[in-house]
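Novice: To start, I am sharing the structure in question, which I have written as structure tokens.
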Amino acid sequence: MEIRDRNGKTEAEFLREYDVTKYFRPSVTVDAVLYKKTPRGIKLLMVKRGGHPYIGCYAFPGGFVERDEDCETAAARELMEETHVRGVMLRQLLTASTPGRDPRWRNITVVYCAEVPHELDAVGDDDAVAAKWVDVEYAKNGRMHFAADGEEFDVTLDIVRDAFGKVDINKTGITERGASAFDHAKIIAYLIESLA
């Protein structure tokens with residue numbers, strides 16, 4: 001006996017007539033955050049962007065999920081394409097879905113992370129002009145200092161906390177961006193506080 005819905009359709013009929021354009025469809029991206037704890041803060045593997053948006057700014061290795069891959073596979077692929085780092089066991093850290101977080105389109109990103117015992121050799125490739133280990137010092141008032149190979153910049157966040165006392169990725173604002181791309185400084189604050 002076939003099960004029919006309230007419109008009298010079987011599942012096969014429903015799927016055949018389903019209109020995928022009925023709902024808004026944001027894009028899905030992934031980011032890979034490799035980190036190493038240091039006495040003064042944290043070191044992060046970041047790439048210097050070679051194209052718009054945020055050309056010349058620092059971001060996590062990442063990009064768009066392809067049609068037939070899961071997010072974890074996409075994160076590992078993007079990490080390898082942009083830095084030549086492979087074989088790292090990634091775990092999901094968070095999903096960032098704030099509207100406007102990416103000026104290109106409504107992009108929702110799934111962020112993966114891994115602690116590494118030492119700085120892995122990395123080379124910027126694909127759409128990254130460089131891959132660098134960046135020292136980050138962070139204060140809970142939202143001040144961050146970034147330093148890599150003689151380049152330094154500051155970022156200031158207007159930290160808002162959620163009901164659990166964690167950095168609220170959606171409500172925290174960036175008041176001074178420095179050379180950081182997208183909302184990655186907010187994700188760094190979330191990561192650092194999660195490790196404390």
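The values are calculated or read from the model by the stated rules, or taken from the named source; none is laboratory data. In this text the structure is predicted, and so the values were computed from the model without any measurement. Using ideal geometry, Cβ is built from the backbone for each residue, glycine included, and neighbour counts are taken over all protein chains shown. To get the accessible areas, we keep the full protein, side chains included, count just its heavy atoms, and leave off ligands, DNA and RNA. Shrake-Rupley method; radii C 1.70, N 1.55, O 1.52, S 1.80 Å.
Novice: Tell me, which strands (runs of 3 or more DSSP E) lie completely within the stretch 98-196 with 1 or more residues that are open to solvent by less than 50 Å² (accessible area, probe 1.4 Å), in contact with a Gly (Cβ under 9 Å, 6 or more places away or on another chain) and within 18 Å of Ile42 (Cα to Cα)?
Specialist: Filter on the stretch 98-196 gives 107-115, 128-138, 143-148, 151-158.
Novice: Against the definition (touching a residue at least 12 places away in the same chain (Cβ under 8 Å) and within 24 Å of Ile174 (Cβ to Cβ)), how does Arg40 come out, yes or no?
Specialist: yes
Novice: Answer with yes or no whether Arg91 is at pLDDT 95 or above, open to solvent by 60 Å² or more (accessible area, probe 1.4 Å) and closer than 20 Å to Lys37 by Cβ.
Specialist: Answer is yes for this residue.
Novice: Tally time: how many residues in the stretch 107-121 are at pLDDT 95 or above and either more than 16 Å from the chain's Cα centre (by Cα) or farther than 21 Å from Val160 by Cβ (or both)?
Specialist: Residues meeting the conditions: 7.
Novice: Here is a follow-up. Has the stretch 58-80 got at least one residue that is part of a loop (DSSP other than H, G, I, E, B) and open to solvent by less than 20 Å² (accessible area, probe 1.4 Å)?
Specialist: Yes: the stretch 58-80 contains one or more residues that are part of a loop (DSSP other than H, G, I, E, B) and open to solvent by less than 20 Å² (accessible area, probe 1.4 Å).
Novice: Please go through the stretch 157-193 and pick out each residue that is at positive phi and modelled with pLDDT of 95 or more.
Specialist: Gly178, Phe182, listed by residue number.
Novice: Look at the stretch 36-53 and say how many of its residues are open to solvent by less than 60 Å² (accessible area, probe 1.4 Å) and in a loop (DSSP other than H, G, I, E, B).
Specialist: The qualifying residues number 3.
Novice: Can you tell me how many residues in the stretch 170-190 are within 13 Å of the chain's Cα centre (by Cα) and either basic (Lys, Arg) or within 8 Å of Val155 (Cα to Cα) (or both)?
Specialist: 3
Novice: Something else about it: If you check every pair at least six apart or on different chains, which have Cβ atoms under 7 Å apart with a residue in the stretch 73-85 that is more than 12 Å from Leu45 (Cβ to Cβ) and touching a residue at least 12 places away in the same chain (Cβ under 8 Å) first and a residue that is open to solvent by 20 Å² or more (accessible area, probe 1.4 Å) and of a type in the set (Asp, Glu) second?
Specialist: Ala74/Glu66; Glu81/Asp125; Glu81/Asp126
Novice: Scanning the stretch 86-97 for residues that are in a strand (DSSP E or B) and touching a residue at least 60 places away in the same chain (Cβ under 8 Å), which turns out farthest from Asn170 (Cα to Cα)?
Specialist: Leu93
Novice: Filter the stretch 1-28 down to the residues that are more than 30 Å from Ala96 (Cα to Cα) and open to solvent by less than 70 Å² (accessible area, probe 1.4 Å) and list them by number.
Specialist: Scanning the stretch 1-28 gives Asp5, Gly8, Lys9, Thr10, Ala12, Glu13.
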